[in-house]
Every structure is written in C-alpha cells, then in structure tokens.
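K.L.:
I'd like to ask some things about the structure below.
The values are calculated or read from the model by the stated rules, or taken from the named source; none is laboratory data. As the structure is a computational prediction, the values presented were derived from the model and not from experiment. Neighbour counts run over all protein chains shown; Cβ positions are idealised from the backbone, glycine included.
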Amino acid sequence: MNDLGASINALKPGTVTVVGMPSDENSSFMRGAALAPARIREALYSDATNLCAENGIDLGTETRWQDLGDLELGHGAAAFQQIETTVGRLLDRGVYVLALGGDHAITYPIVRAYGVKYDPLNILHLDAHPDLYDEYKGNRFSHACPLARIMEEKLVSRLVQVGIRTMNPHQRAQVERFGVEVIEMWQWDPRLTLEFEGPLYVSLDLDVLDPAFAPGISHREPGGLSTRELLGLLQGLQRPIVGADIVELNPERDPMGIATVAAAKILKEIVACMLVWNQSVT
C-alpha cells in the first residue's frame, strides 16, 4: 500500500498502528528480512497462541490498535522517502507507529519523521551491533549505519544502546563522537532499569537475543539476551513508548519458526505496553 489514504484519515488519535516495511536492499550480508512482516503476522494470528499480552490486554478485542498491512516500497532514496512521508502522516494524525522490518536501515527514515513530531526524543536501541558505522562497504545508508545518520542530524537528544557485543574501534570512536550511552552485553545485569525523560522510541534488532532464542537472523552473535530478559527490560520501562520498530528477522534462516514466534511475542508485548502508557497522554 503506497498510499494509506482513507485508512489514515479514519484513525483515531492515540491508536497504536502496526506497519510492515519489507525492505532488505541495505542488508550487507544476506537478503531475506523483507519477508519478515508477513511471517510475523502469521505467527501473531496463529491458532497456536492467542493475542493476550502479559499485562492483561487482549489484542483480540482491543480497538485501540490497528494493523495497517505493508507498505509497497520502491528502491533507494524513494523507499526512504516513502517511509518518512507515511510515518509523518500517521504522526500528524496523532497515532503511534510500530514498524516491522525489514532490515535496520528503515529506522533512519522513521526517526526522521519522529524527530519532527517529538523534540526531545530518546531512543533505546536493543541490538548486538551498534549500527554506528559512518559507512559500510561504501553504503552510508546500510543497515550498519542508521544510528550514525540519526545522530549526525541531531534527531534525538539521547541514545542508549543495550546488548552490544561487537564493538570495533571505529564504532567506539563514533560512540565518543556522538555521546552515545552503551551498555555492552558483558555489563548486563538482569536488575537493570533504564530511566528516560521525555518521549521514548524503541528500536529492536532481533539479534539482541542470543541465537539460541532467535536463530532466524542474518548476523548471529552468541552471548545475547534471553527472550525473558528482553521482555523484562521492555516491561520495566517507566516512560511512554511513542514508537518502535522490530527489525532483522530473516525467515529464510528460521525454518522452525523460533525467531518468528519470538518476534510476534515481542510485537504483542510492545503494543500492549504502548497502549497502557500512552492512554494517559492522549
């Protein structure tokens, strides 16, 4: 759907919307992430489970969220512009967006739209990788670079990264350059609580999870979070989540559907958290 048209106009302010962004053209290692939104939906709506979140919200009966389907994206700069424009229109309507990638490159155009609407904006970035390369293999818009572009443009006031376990010297220099707060995986403590002031955007790369819990990703990096640890971190956030993305599921590497089911579970819990926190600010 290139143009949501009447669908956007019919949305009530405060609605949490789920939008698929099936793009993987900026993936550096292998393709496949573009297949993820459809597969996540299959798992979410499967009869093998239900739509009840752990906080008691039943998304099967809840009317304050809507799945708007997938964008029909072009390529290159045109795709980024489509994403930014669509998210901007949704935010102008007073709704919240949870995007399903796709690779992590989609976060940059999403946050460009969010940076206009929310100032200051905080980002909690959950990932095995910092994604702060100035450029990667000649591509400044690679899925390895979105946080560098975001910080260069000063789209957010604070970036906190959790789960990182692949930091190289270049990216450590970028952390210093941009003033990023990093909790590397070796520093992880299950009792960790994060405090933010102001609106919060959560960017969640599934490879923040250990491959034992999410094998269906392109860049497997051992030593990550368990699904329970990740959910506990999200559920413990004490600020309204105004937007989020779930990226980097690669169904072609997930024949048993383990990572796909994890992604669907995370989607359900984030939507439920957004509904609880944002009902007091809409």
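K.L.:
I'd like to know if the range 109-123 contains one or more residues that are small (Gly, Ala, Ser) and touching a residue at least 60 places away in the same chain (Cβ under 8 Å).
P.N.:
no
K.L.:
Determine which member of the set VAL87, VAL16 is in contact with a Lys or Arg (Cβ under 9 Å, 6 or more places away or on another chain), hydrophobic (A, V, I, L, M, F, W, C), surrounded by 23 or more Cβ atoms within 10 Å (Cβ to Cβ) and closer than 14 Å to VAL271 by Cα.
P.N.:
On inspection, the qualifying residue turns out to be VAL16.
K.L.:
Show the residue pairs meeting these rules: Cβ distance below 9 Å; 6+ apart or different chains; first residue within the range 13-27 and under 19 Å from ASP58 (Cα atoms); second residue part of a strand (DSSP E or B) and among the charged types (D, E, K, R).
P.N.:
Hits for this filter: THR17/ASP67; VAL18/ASP67.
A quick yes/no check of all residues on (1) of a type in the set (Phe, Trp, Tyr); (2) under 14 Å from VAL160 (Cα atoms); (3) modelled with pLDDT under 95; (4) surrounded by fewer than 20 Cβ atoms within 10 Å (Cβ to Cβ):
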{"site": "SER203", "(1), (2), (3), (4)": "no, yes, no, no"}
{"site": "ASP210", "(1), (2), (3), (4)": "no, no, no, no"}
{"site": "GLU221", "(1), (2), (3), (4)": "no, no, no, yes"}
{"site": "ASP245", "(1), (2), (3), (4)": "no, no, no, no"}
{"site": "ILE258", "(1), (2), (3), (4)": "no, no, no, yes"}
{"site": "ALA264", "(1), (2), (3), (4)": "no, no, no, no"}
{"site": "VAL281", "(1), (2), (3), (4)": "no, no, yes, yes"}
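To keep it simple, each residue is scored yes or no on (1) without any contact (Cβ under 8 Å) to a residue 60 or more places away in the chain; (2) of a type in the set (Asp, Glu).
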position	(1), (2)
ASN168	yes, no
GLN171	yes, no
GLY223	yes, no
GLU229	yes, yes
GLY243	no, no
ARG253	no, no
ALA272	no, no
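Residues are listed down the side, and each one gets a yes or a no for (1) farther than 17 Å from ILE83 by Cα; (2) modelled with pLDDT of 95 or more; (3) polar (S, T, N, Q):
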site	(1), (2), (3)
PRO109	no, yes, no
LEU126	yes, yes, no
VAL156	yes, yes, no
GLN161	yes, yes, yes
LEU192	yes, no, no
ASP207	yes, yes, no
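K.L.:
Confirm whether GLY20 is of a type outside the set (Phe, Trp, Tyr) and in a loop (DSSP other than H, G, I, E, B).
P.N.:
no
K.L.:
Is it the case that the range 112-119 has a residue that's surrounded by fewer than 22 Cβ atoms within 10 Å (Cβ to Cβ), more than 17 Å from the chain's Cα centre (by Cα) and hydrophobic (A, V, I, L, M, F, W, C)?
P.N.:
There is at least one residue in the range 112-119 that is surrounded by fewer than 22 Cβ atoms within 10 Å (Cβ to Cβ), more than 17 Å from the chain's Cα centre (by Cα) and hydrophobic (A, V, I, L, M, F, W, C).
K.L.:
Let me ask something else about it. Which of the numbered conditions does GLY163 fail, given that it passes all the others? Conditions: (1) under 27 Å from THR260 (Cα atoms); (2) loosely packed, with under 15 Cβ neighbours inside 10 Å.
P.N.:
(2)
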